[in-house]
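Readers should treat all values here as calculations from the given coordinates under stated rules, not as data from a laboratory. Predicted, not measured: the structure shown is a model, and the values here were computed from it. Cβ placement follows ideal geometry from the backbone for every residue including glycine, while neighbour counts extend to all protein chains displayed.
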Amino acid sequence: MTGQEIMAAVLRSASHNFVGRLARAPELKTFDSGNCVAKGRIAINKAGAKKDDGSQPDWFTVEIWGAHGIAFSDQCAQGDLVAVAGRVKTNRWKTQAGEDRTDLIICADQFRNVTQNPEPLPAPKPVAPVDVAAKAVADTFAGEVTATEADIPF
């Protein structure tokens, strides 16, 4: 697994908060089923980046479904500073010229237009690492389960 694949797996595994500026107003698409999705692109400056130091922001696509998507498209405009919370997924494709492309998509379940409402989003709920969860299960059943091979029904 490459470093980029490991980072993508970490980003997909939990909810994260992102704050960035909208490159343009979100676009709302409605489907025949009645469901809808709002999509926008945000630019996130790297930590410590200065206005004139030549560093480029990281770009993400934000995707918000349903009623939250409608609110996102209604309440946010180009240039607004927005905070979004959600998981990250990777979209890969090939261009007509055969070049490999990758886009990171934030599948947001919360958003806030920080330009209009500067209160921060609530912190995402922490996800226990697998080893912590495994230890908790092991401690719960410590000494209580004693099975022999004869006890196993198969």
- Query: What base-10 log of the normalised intensity I(q)/I(0) is obtained for segment 16-106 from the Debye formula, alpha carbons as equal point scatterers, at q = 0.17, 0.21 Å⁻¹?
  - Reply: -0.81, -1.07
- Simple spin-label estimate for residue 28/residue 41, 7 Å along Cα→Cβ, in nm, reads 2.2 nm
